[in-house]
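Before any comments, here is the structure.
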Amino acid sequence: MTRPPTGMSVRMSVSQAVDSRVSARAFLDRPVPRAFVEDILRRAARAPSGGNLQPWVARLVEGEEIAALKTRMRARIAELPDGEPMAHGFYPPALKPAYLARRQRNGEILYGALGIDRHDPVARKAWIDENFQFFGAPVGVLLFVERNSTPYQWIDLGIYLQTVLLLLCEAGLDACPQADWAMYAATVTAFLDAPPDLMLICGIAIGHADPNRPENFIRTERDDPLASFAIS
Ligand SMILES: Cc1cc2nc3c(=O)[nH]c(=O)nc-3n(C[C@H](O)[C@H](O)[C@H](O)COP(=O)(O)O)c2cc1C
């Protein structure tokens with residue numbers, strides 16, 4: 001499935017959107033109207049949630065605000081390069097070999113496209129820090145849930161996230177979900193003056209993917225979920 005030209009709203013089937021959505025990690029300096037993304041964030045709330053709690057909280061940043069957040073993040077990373085204490089780790093401490101292999105393969109594909117030696121910690125760190133510039137995207141979204149949520153509300157947030165991503169895809173916009181924002185949850189929470197009951201889970205970089213950047217042409221691999229019942 002070929003992606004529609006960015007910025008052009010193309011009607012596509014759900015199957016086409018699911019198949020063609022990819023994570024974009026380098027964006028053009030091309031504006032995206034705030035109202036356009038707000039409309040998608042509202043429509044995505046048709047996503048199902050347990051008890052219809054709709055526990056997702058979305059905060060959009062663009063214009064001067066996203067510029068200020070990017071500046072704040074540069075300063076914060078300089079102060080604290082490895083991030084802040086996190087409420088939850090990204091991965092279990094001991095990943096089963098099959099998951100570890102998938103993760104390593106993902107890194108190989110991504111860093112291969114970027115031309116970064118996976119064993120070059122300086123180059124890798126510089127690239128990871130681009131997360132906190134939203135990879136140059138003009139619009140960012142920060143997603144929160146209540147701090148006292150159970151894993152079921154996290155499921156709801158994940159369904160909401162994918163619904164947003166598919167609607168963006170249908171609209172010809174590109175995006176990258178970004179859990180890395182949780183590494184600086186305290187800084188982002190303070191910057192946005194977010195209520196203390198809310199916990200930052202991830203961000204989404206949104207814009208028009210740079211068609212000349214190889215990291216935007218990665219087709220990641222998938223295994224058969226039905227065969228994973230006996231994963232080791
Ligand atoms: C919840 C979630 C968090 C993610 N966090 C990041 C991130 O912080 N930085 C990043 O570059 N990619 C991030 N990704 C993108 C994944 O690496 C990507 O979805 C995966 O490699 C599959 O590739 P695809 O999205 O192109 O299909 C995240 C994806 C999800 C669903």
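None of the figures in this text is laboratory data; all of them are computed from the coordinates on show. Only a predicted model underlies this, so the values are computations on that prediction, with no experimental measurement involved. Using ideal geometry, Cβ is built from the backbone for each residue, glycine included, and neighbour counts are taken over all protein chains shown.
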- Task: Round to a whole angstrom and tell me the spacing of the C-alpha centers of region 189-215 and region 45-110.
- Result: 8 Å
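Where in the chain are the DSSP H helices whose C-alpha atoms run 20 Å or more along the long axis and whose mean Kyte hydropathy is at least 0.5?
Details: long enough: 63-79 (25 Å, -0.42); 97-114 (25 Å, -0.43); 151-170 (29 Å, 0.92).
Helices passing the filter in the chain: 151-170.
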- Message: I need the peptides 117-128, 219-230 ranked by packing, meaning the mean over residues of other C-beta atoms within 10 angstrom, with the highest value on top.
- Response: 117-128, 219-230
- Message: Could you tell me the extents of region 160-213's C-alpha atoms along the three principal axes, largest first, rounded to whole Å?
- Response: 37, 25, 16
- Quick numbers on the chain, Rg and Dmax over C-alpha atoms in Å, give 17.6, 50
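Exposure proxy check: 84, 79, 62 ranked by fewest other beta carbons within 10 Å? Intermediate values should be presented prior to the final figure.
Working: 84 14, 79 7, 62 21.
So the ranking, lowest neighbour count to highest, is 79, 84, 62.
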- Query: Relative to the Cα centre, what is the charge dipole magnitude of region 77-232, using +1 at the beta carbon of each Lys and Arg, -1 at the beta carbon of each Asp and Glu, and rounding to the nearest 20 debye?
  - Reply: 480 debye
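Highest mean first, what order results for 131-138, 64-71 on Cβ atoms within 10 Å?
By packing density, highest mean first, the sequence is 131-138, 64-71.
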